[in-house]
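*Asks:* Here you go, one structure.
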Amino acid sequence: MQLCSVCNEELPKYRCPGCLIRYCSLNCYKKHKDGCIPKKDTEKKPEKPELSPALQGMRQAGSTESRWSVEDRLEENEESDRVPLQQLARLGECEALKALLYNPHLRQLLRTVDEAEGKESTMKVAMQEPLFVEFADQCLRVIEPPEK
């Protein structure tokens, strides 16, 4: 099994988007990023990356429903489910979320959900991905911090 390329102690969960080394945590990424030497791409990349079978399944699962917005889904009695803008702004300040978003697979999952025709069914498929669940849980921790 491969160990983290920075600390050589833990199993790597992430890959540096610049040089593609594998690392295990935000601390290891921070140590690595100062000395990172991005690999030069010798061949031209396609405009849209080819989707993995799981992502293709998500696209297909979401293609049967019509587009919707939050306003379409929230009834008057569900107004309490709407997140105030101040709390949404805290998502952009969360270092743990920023670290998760370095993962290209997570970014592709988020794009797939965002671009899906049927967001509800696509979201159900995405929630089967541990990385997506970790992202959703971190968002919820920021929006609804656990009570002490």
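*Asks:* Expressed as a whole percentage, what fraction of the accessible surface of the range 85-125 belongs to carbon and sulfur atoms when a 1.4 Å probe is rolled over the protein heavy atoms? It would help to have the intermediate numbers written out before the result.
*Replies:* Values: 1390 of 2290 Å².
Carbon-and-sulfur percentage of accessible area, whole number: 61.
*Asks:* Taking amide H atoms as placed 1.01 Å from N in the peptide plane, list the residues 5 or more away in sequence, or in a different chain, whose amide H sits under 5 Å from that of Y23.
*Replies:* Distant-sequence amide H within range of Y23: S5, K13, Y14, R15, C16.
*Asks:* Keeping all protein chains in the complex and leaving out DNA, RNA and ligands, what accessible area do you get for Y23 with a 1.4 Å probe, in Å² to the nearest 10?
*Replies:* Roll a 1.4 Å probe over it and Y23 shows about 10 Å².
*Asks:* Using a 1.4 Å probe on the protein heavy atoms only, what accessible surface does R107 show? Give it in Å² to the nearest 10.
*Replies:* About 80 Å², ignoring ligands and nucleic acids.
*Asks:* So how do E9, E95, E147 rank on accessible area, 1.4 Å probe, biggest first, that is with the largest at the start?
*Replies:* Highest to lowest solvent-accessible surface, that is E147, E9, E95.
The values are calculated or read from the model by the stated rules, or taken from the named source; none is laboratory data. Quantities reported herein were computed from a predicted structural model and do not represent experimental measurements. Protein only, heavy atoms only, side chains kept; ligands, DNA and RNA dropped before computing areas. Shrake-Rupley method; radii C 1.70, N 1.55, O 1.52, S 1.80 Å.
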